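Read-outs: derived from the displayed coordinates by stated rules, not from any lab. Model, not experiment: these values are computed from the prediction. Because the Cβ atoms are built from the backbone with ideal geometry, glycine has one as well, and the counts that use them run over all protein chains shown.
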């Protein structure tokens, strides 16, 4: 199966806050999303990390 799991890491504090899945064949690029970080207490960009 092509769907693979990954974590989303906060770019400011490097804490891994979210777990997600994506189809690697359809979306090979890395994911960047604006999510809430509980350690920073603000919305920040989270990037894909294995």
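Fewest Cβ neighbours within 10 Å first, please rank 20, 44, 38 accordingly. Please report the intermediate quantities before stating the final value.
On the way: 20 13, 44 17, 38 10.
If I rank by nearby Cβ atoms, fewest first, I get 38, 20, 44.
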Check your understanding: In µm²/s, what is D for the stretch 4-49 at 20 °C and 1.002 mPa s, where D = kT/(6 pi eta Rh) by Stokes-Einstein and Rh is the Kirkwood radius from Cα pairs?
Key -> 199 µm²/s
Exercise for review: With an 8 Å cut-off on Cα pairs and a minimum separation of 6 or more residues, tell me the relative contact order of the stretch 4-49 in percent.
Suggested key: 43 percent
